[in-house]
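Report on one structure; see the data block that follows.
The values are calculated or read from the model by the stated rules, or taken from the named source; none is laboratory data. Worth saying up front: this structure is predicted, and the values here are computed from it rather than measured. Every residue, glycine among them, receives a Cβ derived from its backbone with ideal geometry; neighbour counts consider all protein chains shown.
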Amino acid sequence: MRKNVRAIRKSARKSALKTALLCSAFAVSWPALAADVTPERLVNADKEPHNWLMNHGTYDGQRFSPLERINKGNVKSLKLAYAVPLGGGAGNEWVQATPLAEDGFLYITDSWGVLYKIDARSGDVGRIVWRMDPKQAKQQRNRGAALWGNFVITTADGPPRIIATNKETGKVEWESSFADTPDAPLTSAPLAVKDKIILGAAGGDQGVRDWMAGLDAATGKRLWQKFTVPAPGEPGSETWKGNNNAWQTGGGAIWVTGTYDPDTNQTFWGTGNPVPMYDPTYRPGDNLFTNSAISYDPDTGKMNWFFQYTPGDMWDFDEVGTHILIDGTIGGQTRKLITHSARNGFLYTMERANGQTVLAKPYMDVNWTKGIDQKTGKPLDYDPGRDIQVYSTLANQNPGEPTKKCARAMPAATTTGHRPTAARPSSSTSRP
């Protein structure tokens, strides 16, 4: 009897051990599915400091991480832990995308728009779980992805497309084409807002009329599309003068992902320079809505307000950089603000509700204008009655008024790694 009991116990222990090993094997082979990236998680992305769920980290665009494991005391000791080769072949030598991180997995695109999911949980090695190749017809810059639900949303060209890839399997779930605007490449990372995907088109320097659009995140259906350069008869079209129909190829590119304010339901994007970039005589007028900060309603695409930094720009002072949301105290009152370090050499801070200028001050030596009107935000030498602005005259790019000096408004290419902004023609169409 005792032998039988011992045999039963021994058999039970073996069975329990087999079950434990089997469960362990399944745990390794079948990791728990990641939770959906819901609108609530995106609004509260700062509550997940171990993750990086969108291009800027959080909707406010501050790109701040509260993690403290790396600090001023030990940063000098950082060294390479591992590297993961991406893609290959000509034209894929650089990656401009911001990796997204969720629970130890990274999502990143290469310059051909190929999307990778990388398992980085061990900290010692990175393993490519899957890759989604959109078979892009031509190489373009690609600045990354957006997470929404169980999708990873990316862009590709040939023609311009938005693609939703299943986060777990790497399978394409939907694809939405902008074949009706084939010359406008998509390079910035999309922005997921509530149940929509917001994005803008680039490539303005090649003579493209650029646009913003909103898509249904679940299906990819296009819900709205708004051009950043107005057609004749639309508001702002009066600022495109002359007989060249310059509005048709006027630029206004969207190169960088915008920000979003959930409290007021506004999304903020910066637009690029007018085209041709150095010849204002071809496109007389202020050339709205280029070189501007624009607030859109993400549900409808309605423009809430805009602010143009450099009317009639002749130096390629595009303002596509991030418009950062901050809270500030002015006159003892808390204010909801936006701040932007403009390419024209001034730091602007504006009211988030309407774009009203709070202050504008130079952050470097500037010579193209005598200063900024603190009430209007316009250059002091801006003349609304002129079709071609002359500003300070020190850096004019007008055939009738030869350039006296280069326009000083940003560090040189030798210090930033980008091409300089100077008041001289150029055949270059590279972008920062």
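Among the residues of region 34-50, are any at pLDDT below 95, in a loop (DSSP other than H, G, I, E, B) and not polar (S, T, N, Q)? First the steps, then the outcome.
Here is the first cut: in region 34-50, the ones at pLDDT below 95 are 34-35.
Next, from what is left, pick out any that are in a loop (DSSP other than H, G, I, E, B): 34-35.
Checking which are not polar (S, T, N, Q) leaves us with 34-35.
For region 34-50, residues at pLDDT below 95, in a loop (DSSP other than H, G, I, E, B) and not polar (S, T, N, Q): present.
Taken over region 354-379, the criterion of being β-branched (Val, Ile, Thr) and more than 19 Å from TRP315 (Cα to Cα) is satisfied by THR357, VAL358, THR376. Would you check which residues across region 305-329 are without any contact (Cβ under 8 Å) to a residue 40 or more places away in the chain and closer than 18 Å to ASP60 by Cβ and list them? If the condition is that a residue be without any contact (Cβ under 8 Å) to a residue 40 or more places away in the chain and closer than 18 Å to ASP60 by Cβ, then ASP327, GLY328, THR329 are the ones that fit. Entry remark, region 309-340: residues being surrounded by fewer than 24 Cβ atoms within 10 Å (Cβ to Cβ) and not in a loop (DSSP other than H, G, I, E, B) number 14 in total.
Listed by first and then second residue, the pairs linking a residue in region 240-255 that is closer than 21 Å to PHE306 by Cα to a residue that is of a type in the set (Gly, Ala, Ser) and assigned to a strand (DSSP E or B), with Cβ atoms under 6 Å apart and 6 or more places separating them unless they lie on different chains, are ILE254/GLY200.
Name the residue that is modelled with the highest pLDDT, counting only residues in region 391-404 that are more than 13 Å from TRP315 (Cβ to Cβ) and assigned to a loop (DSSP other than H, G, I, E, B). Before you say what the answer is, go through the steps one by one.
Filtering region 391-404 down to residues more than 13 Å from TRP315 (Cβ to Cβ) leaves 393, 399-402, 404.
After this cut, where a residue has to be assigned to a loop (DSSP other than H, G, I, E, B) as well, the list is 393, 399-400, 402, 404.
Values: THR393: 84, PRO399: 57, GLY400: 60, PRO402: 55, LYS404: 56.
Ranking the candidates gives THR393 first.
For region 158-193, residues that are within 24 Å of PHE289 (Cβ to Cβ) and assigned to a loop (DSSP other than H, G, I, E, B) total 13.
For THR357, indicate whether it is farther than 27 Å from LEU223 by Cα and among the β-branched types (Val, Ile, Thr). Yes.
Please go through region 34-79 and pick out each residue that is of a type in the set (A, V, I, L, M, F, W, C) and either buried (at least 16 other Cβ atoms within 10 Å of the Cβ) or within 27 Å of GLY170 (Cβ to Cβ) (or both). Scanning region 34-79 gives ALA34, ALA35, VAL37, LEU42, VAL43, ALA45, TRP52, LEU53, MET54.
Residue pairs whose Cβ atoms lie under 9 Å apart, sitting 6 or more positions apart in sequence or on different chains, and linking a residue in region 375-392 that is without any contact (Cβ under 8 Å) to a residue 40 or more places away in the chain to a partner that is loosely packed, with under 15 Cβ neighbours inside 10 Å and not in a loop (DSSP other than H, G, I, E, B), are VAL390/GLU401. For beta carbons closer than 8 Å, sequence separation of 6+ or different chains, a first residue in region 53-82 that is over 20 Å from TRP255 (Cα atoms) and a second that is among the polar types (S, T, N, Q) and surrounded by 10 or more Cβ atoms within 10 Å (Cβ to Cβ), the qualifying pairs are PHE64/THR58.
Quick check on ALA353: is it closer than 30 Å to TRP224 by Cα and part of a loop (DSSP other than H, G, I, E, B)? Break it down into steps so the answer makes sense when it comes.
On the way: closer than 30 Å to TRP224 by Cα: yes; part of a loop (DSSP other than H, G, I, E, B): yes.
Yes: the conditions hold for ALA353.
Specify the residue that is nearest to the chain's Cα centre (by Cα); the eligible residues are those in region 92-149 that are of a type in the set (Ser, Thr, Tyr) and in a loop (DSSP other than H, G, I, E, B). Write out each step before concluding.
Restricting attention to region 92-149, the residues satisfying the condition of being of a type in the set (Ser, Thr, Tyr) are 98, 107, 109, 111, 116, 122.
When the remaining residues are screened for being in a loop (DSSP other than H, G, I, E, B), the result is 98, 111, 122.
Numbers: THR98: 9, SER111: 15, SER122: 30 Å.
The residue in question is THR98.
The condition (being among the aromatic types (Phe, Trp, Tyr) and modelled with pLDDT under 95) is satisfied by just one residue among TYR116, TYR82: TYR82. Could you tell me whether ALA231 is surrounded by fewer than 23 Cβ atoms within 10 Å (Cβ to Cβ), free of Cβ contacts under 8 Å to residues at least 60 places away in the same chain and either in contact with a helix residue (DSSP H, G or I) (Cβ under 8 Å, 6 or more places away or on another chain) or not in a loop (DSSP other than H, G, I, E, B) (or both)? Here the answer is yes, as ALA231 does meet what is asked. Only residues that are under 20 Å from GLU234 (Cα atoms), among the aliphatic types (A, V, I, L, M), crowded, with 18+ Cβ neighbours inside 10 Å and more than 15 Å from the chain's Cα centre (by Cα) were counted in region 253-305, giving 2.
Taken over region 94-107, the criterion of being surrounded by fewer than 21 Cβ atoms within 10 Å (Cβ to Cβ) and aliphatic (A, V, I, L, M) is satisfied by VAL95, ALA101, LEU106. Could you please let me know if GLY371 is on the phi > 0 side of the Ramachandran plot and either modelled with pLDDT of 95 or more or among the basic types (Lys, Arg) (or both)? Yes, satisfied. Scanning region 260-273 for residues that are out of contact with any Asp or Glu (no Cβ under 6 Å at 6 or more places or on another chain) and either part of a loop (DSSP other than H, G, I, E, B) or of a type outside the set (Asp, Glu) (or both) yields TYR260, PRO262, ASP263, THR264, ASN265, GLN266, THR267, PHE268, TRP269, THR271.
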